[in-house]
Amino acid sequence: MTATQDSPQVRSVPQPVFTDAEAGAKVFPDSTERHFNYYTPQKRKQSHYEDVTVEVQPDPRHYLSQGWLYGFSDGRGGYPLDWTVLKAWGSDRPEPARGPGTGGKGYDWPATGWHEFRDPNEEWEMTLYRYNSNVVRQVTQNVEAARQSKAFEQWNRNWIRFIEHHVGAWMHVDHGLGLYLFANANRRAPTNMHNNAISVNSMHRIRAAQDLALYNLTLSEELPDFDGSAHLETWNSDPAWQGVRDLAERLTAIDDWCEAIFAANVVFEPLVGELFRSQLVQQASPGNGDFVTPTVVGAAEYDFAERDLRYTRAMFELLTADKEFADHNKAIMQDWLSDWTTRAIEAARTMQPLWSQPDSKPPRFEDGLDRAKSRFSGIVIGLGLEEPKELAQ
């Protein structure tokens, strides 16, 4: 047909034909489900946390027919289970034979007891941003309110020296453990459930260090004689801090990722971290006219006491009650307790001179240490372990 001004040319083009062979056209029994079902949920229904977390980091024991997609120069792939001496049931079973035509057949899910862990905080990317933004907002508002009311000008000179030297020094602990202990353990843990919980712990630490650094800058602006760099000399040279510094550096050198989390959250935090934050800083601040510092330090205290300790308990309770390796795990953890408790008590006692520095003194050091020991004992017994005899030091 010839096109004219009144009749535009019409072209013949192939028409689409649907054959039901397109991807996704096949109907399965669960095609209409809104949740994943390749894992067993902890409760009756899958939670959003589980859907976005469980086995996001794959496991070749379960379904990867080709094995690990990536590896290390020594030939090991992915996340070797021997990166910790602790074991969960199934850890000693060999990986299924892999290769072309195997169809991805592996062990039923979960392939090992490591996959049974669920973070009771249900942390993932969205919850991390929401929580930390709320904490930073609250701390910022508290500090800004103190600036506007000239609250810092009410501090006596002795308390200013205490804040600039000793509260500032704690940022080195938080920064070091957050960046070199927890971030490292996050990479070495075998499941994404562990990775998420540990990486959130790392971010709590790094954010707490940042909170103290920003607080230090604020005080440098508000108080003419505040030395914002004094914490460096304190951390490097003050005898009262060298026990803590030595212990923190030893913690960051731990190779076994489970031991690192255990030593930091089960031993170091109750015996040293809470001792400093709760039994010294938060106890001494009000008597010296300071109602701001407890809000900054208290945010970090809540991170540990109510969130990081909660996932730590859930993680190690599974291992001490493991149906295959409970005795093996308990024996190793008891050795860890003996080793790290000794070092933590020694570090705590080197800090004792700090209790005498404020004009308005906190409760006695020994009373604070006894409360820290009691807290530590409760955590240890709750994990099904025995209180170490080294606690009597």
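Within region 215-234, the set of residues being within 20 Å of residue 146 (Cβ to Cβ) and either part of a loop (DSSP other than H, G, I, E, B) or open to solvent by 50 Å² or more (accessible area, probe 1.4 Å) (or both) comprises 217, 221, 223, 224, 225, 226, 227, 228.
Of the residues 97, 185, the single one that is surrounded by fewer than 16 Cβ atoms within 10 Å (Cβ to Cβ) and either over 19 Å from residue 285 (Cβ atoms) or among the aliphatic types (A, V, I, L, M) (or both) is 97. Cβ separations smaller than 7 Å between residues 6+ apart or across chains give the following pairs from region 93-111 residues that are modelled with pLDDT under 70 and assigned to a loop (DSSP other than H, G, I, E, B) to residues that are among the aliphatic types (A, V, I, L, M) and open to solvent by less than 90 Å² (accessible area, probe 1.4 Å): 104/64.
For region 45-68, the set of residues classified as in contact (Cβ under 8 Å) with a residue 60 or more places away in the chain and either part of a loop (DSSP other than H, G, I, E, B) or under 15 Å from residue 116 (Cα atoms) (or both) consists of 47, 49, 50, 53, 54, 55, 56, 57, 59, listed by residue number.
Across region 235-252, what is the number of residues that are under 28 Å from the mean Cα position of the chain (by Cα), surrounded by fewer than 21 Cβ atoms within 10 Å (Cβ to Cβ) and not charged (D, E, K, R)?
The initial filter retains those residues of region 235-252 that are under 28 Å from the mean Cα position of the chain (by Cα), namely 235-236, 240-252.
Okay, now just the ones that are also surrounded by fewer than 21 Cβ atoms within 10 Å (Cβ to Cβ), so 236, 240, 242-243, 245-246, 249-250, 252.
Subsequent filtering for residues that are not charged (D, E, K, R) retains 236, 240, 242-243, 252.
The number of residues fulfilling the criteria is 5.
Restricting attention to region 205-252, the residues that are hydrophobic (A, V, I, L, M, F, W, C), free of Cβ contacts under 8 Å to residues at least 40 places away in the same chain and more than 16 Å from residue 295 (Cα to Cα) add up to 3.
Of the residues 348, 331, 300, which single one is hydrophobic (A, V, I, L, M, F, W, C), assigned to a helix (DSSP H, G or I), out of contact with any strand residue (DSSP E or B) (no Cβ under 6 Å at 6 or more places or on another chain) and surrounded by fewer than 19 Cβ atoms within 10 Å (Cβ to Cβ)?
Working: 348 fails: surrounded by fewer than 19 Cβ atoms within 10 Å (Cβ to Cβ); 300 fails: surrounded by fewer than 19 Cβ atoms within 10 Å (Cβ to Cβ).
After ruling out the rest, the residue left standing is 331.
Scanning region 143-177 for residues that are farther than 30 Å from residue 249 by Cα, open to solvent by less than 50 Å² (accessible area, probe 1.4 Å) and part of a helix (DSSP H, G or I) gives 143, 146, 151, 152.
Return a yes/no flag: does region 341-351 have any residue that is closer than 22 Å to residue 198 by Cα and over 21 Å from the mean Cα position of the chain (by Cα). No, region 341-351 has no match at all. In the set 259, 306, only one residue is on the phi < 0 side of the Ramachandran plot and at pLDDT below 95; that residue is 306. Residue count for region 192-204 satisfying the condition of being under 8 Å from the mean Cα position of the chain (by Cα) and open to solvent by less than 20 Å² (accessible area, probe 1.4 Å): 6.
Could you list, in sequence order, the residues of region 303-328 that are over 27 Å from residue 127 (Cα atoms), of a type outside the set (Ser, Thr, Tyr) and outside any loop (DSSP other than H, G, I, E, B)? Please lay out each step first, then the result.
To start, the set of residues in region 303-328 that are over 27 Å from residue 127 (Cα atoms) comprises 320-328.
From what's left, of a type outside the set (Ser, Thr, Tyr): 321-328.
Result: 326, 327, 328.
Which residue pairs have Cβ atoms under 8 Å apart, sit 6 or more places apart or on different chains, and have a first residue in region 305-320 that is in contact (Cβ under 8 Å) with a residue 60 or more places away in the chain and among the polar types (S, T, N, Q) and a second that is in a helix (DSSP H, G or I) and open to solvent by 60 Å² or more (accessible area, probe 1.4 Å)? The qualifying pairs are 320/330. Within region 253-297, being open to solvent by 20 Å² or more (accessible area, probe 1.4 Å) and not in a loop (DSSP other than H, G, I, E, B) holds for 259, 274, 278, 279, 282, 283, 286, 287, 294, 295. Taking the criterion of being crowded, with 17+ Cβ neighbours inside 10 Å and more than 14 Å from residue 312 (Cα to Cα), the only residue of region 117-126 that qualifies is 124. With (1) closer than 28 Å to residue 191 by Cα; (2) among the aliphatic types (A, V, I, L, M); (3) touching a residue at least 24 places away in the same chain (Cβ under 8 Å) as the list, and residue 354 as the residue in question, which single condition is left unmet? Tallying (1) closer than 28 Å to residue 191 by Cα; (2) among the aliphatic types (A, V, I, L, M); (3) touching a residue at least 24 places away in the same chain (Cβ under 8 Å), residue 354 fails exactly one: (1).
Quick one: which of 136, 85 is hydrophobic (A, V, I, L, M, F, W, C), modelled with pLDDT of 90 or more, surrounded by fewer than 19 Cβ atoms within 10 Å (Cβ to Cβ) and not in a helix (DSSP H, G or I)? Before you say what the answer is, go through the steps one by one.
Working: 136 fails: not in a helix (DSSP H, G or I).
None of the other options fit; the residue is 85.
Annotation note: Cβ proximity below 6 Å between a residue of region 333-349 that is acidic (Asp, Glu) and a residue that is open to solvent by 10 Å² or more (accessible area, probe 1.4 Å) and part of a helix (DSSP H, G or I) (sequence gap 6+ or interchain) occurs for 346/243. Within region 358-386, the set of residues being charged (D, E, K, R), part of a loop (DSSP other than H, G, I, E, B) and in contact (Cβ under 8 Å) with a residue 24 or more places away in the chain comprises 359, 361, 386.
Out of 31, 12, 47, report the one residue that is modelled with pLDDT of 75 or more and open to solvent by 50 Å² or more (accessible area, probe 1.4 Å). Don't jump to the end; show me each part of the working.
On the way: 31 fails: modelled with pLDDT of 75 or more; 47 fails: open to solvent by 50 Å² or more (accessible area, probe 1.4 Å).
Criteria check complete, one pass: 12.
The values are calculated or read from the model by the stated rules, or taken from the named source; none is laboratory data. Predicted model only: the values in this text are computed from it and were never measured. Every residue, glycine among them, receives a Cβ derived from its backbone with ideal geometry; neighbour counts consider all protein chains shown. Surface areas here come from the heavy atoms of the whole protein model, side chains and all, with no ligands, DNA or RNA. Shrake-Rupley method; radii C 1.70, N 1.55, O 1.52, S 1.80 Å.
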